[in-house]
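For reference, the structure discussed in these notes is given below.
The values are calculated or read from the model by the stated rules, or taken from the named source; none is laboratory data. None of these values were measured; they are calculated from a predicted model. All Cβ positions, glycine included, derive from the backbone under ideal geometry; neighbour counts span all protein chains shown. When the accessible area is computed, the model is the full protein with side chains, heavy atoms only, and any ligands, DNA or RNA have been set aside. Shrake-Rupley method; radii C 1.70, N 1.55, O 1.52, S 1.80 Å.
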Amino acid sequence: MRKPVLSALIATATLLVSGQVLAYGVGDIYTRVGIAKVSPKDDNGTLAGTLDVDVQDDSGFAFTLGYRFHDKLGVELLAAEPFDHDIKLNGSNLASTEHLPPTLTLQYYPMGGTASRVQPYAGVGVNYTHFMDEELDGGPELKLDNSWGAAGQLGVDLLIDEHWALNAAAWYLDIDTDAELGGSDIGEVEIDPIVVMGGISLRF
Ligand code: NI
């Protein structure tokens with residue numbers, strides 16, 4: 001083969017390979033894995049007219065599953081091990097609850113389909129929070145209703161290669177739950193947390 005042809009072929013092959021390395025978009029199935037911190041908002045409401053509620057932070061293992069059905073659009077489900085929150089009532093650590101907050105978002109990737117190694121994204125969607133193991137020191141049975149609410153999300157992948165990326169993401173979840181004490185309604189707890197997660201992304 002003549003030299004100019006050979007170098008043209010090599011240049012084309014290099015372009016194709018680097019294109020594959022940086023392909024980030026339609027058809028990707030991805031999982032993001034990391035540690036998430038759930039920080040409820042400061043004022044979580046008042047129960048039974050007298051109990052000031054303050055739900056504490058918790059951190060734990062979380063992961064997501066996602067699919068890109070377009071270079072710039074994807075869907076992602078956030079899952080986690082149950083988070084376990086202490087609950088202060090009038091300043092004293094008297095109660096606790098566990099919950100699972102699966103969240104589904106529709107995401108927009110402004111740099112999707114380009115060679116950018118910095119790939120930010122934003123999403124909107126819905127959160128379902130399942131409460132379990134509510135406990136109240138020395139009191140009647142405390143129960144928190146499961147909650148449906150809106151969710152928002154911001155995140156960024158920093159691409160390392162065609163499969164791996166560093167990831168940081170945050171969600172806002174609108175979690176409002178009705179509380180019952182010994183079977184009677186005593187009001188609403190507004191948890192409305194920010195969830196911040198740091199970890200890695202893996203794409204297939
Ligand atoms: Ni709310």
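Determine, yes or no, whether G60 is modelled with pLDDT of 95 or more, open to solvent by less than 80 Å² (accessible area, probe 1.4 Å) and not basic (K, R).
Spelling it out, G60 is indeed modelled with pLDDT of 95 or more, open to solvent by less than 80 Å² (accessible area, probe 1.4 Å) and not basic (K, R).
Every residue in segment 148-179 that is free of Cβ contacts under 8 Å to residues at least 40 places away in the same chain and either open to solvent by less than 10 Å² (accessible area, probe 1.4 Å) or among the acidic types (D, E) (or both), please.
D176, D178
Restricting segment 180-194 to residues that are open to solvent by less than 70 Å² (accessible area, probe 1.4 Å) and more than 14 Å from the ligand (Cβ to nearest atom), which is nearest to the chain's Cα centre (by Cα)?
Checked segment 180-194; the qualifying residue nearest to the chain's Cα centre (by Cα) is E180.
Within 16 Å of the ligand (Cβ to nearest atom) and not hydrophobic (A, V, I, L, M, F, W, C) - does that describe any residue in segment 153-168?
No: zero hits.
So which residues in segment 126-147 are among the acidic types (D, E) and either open to solvent by less than 60 Å² (accessible area, probe 1.4 Å) or part of a strand (DSSP E or B) (or both)?
Of all residues in segment 126-147, those among the acidic types (D, E) come to 133-135, 137, 141, 145.
Hits for segment 126-147 are D133, E134, E135, D145.
Given the structure, is G123 away from the ligand (no atom under 16 Å from the Cβ) and open to solvent by less than 70 Å² (accessible area, probe 1.4 Å)?
On the way: away from the ligand (no atom under 16 Å from the Cβ): yes; open to solvent by less than 70 Å² (accessible area, probe 1.4 Å): yes.
It is true that G123 is away from the ligand (no atom under 16 Å from the Cβ) and open to solvent by less than 70 Å² (accessible area, probe 1.4 Å).
Out of (1) part of a strand (DSSP E or B); (2) open to solvent by 40 Å² or more (accessible area, probe 1.4 Å), what's the single condition that is false for G49?
Among (1) part of a strand (DSSP E or B); (2) open to solvent by 40 Å² or more (accessible area, probe 1.4 Å), the lone unmet condition for G49 is (1).
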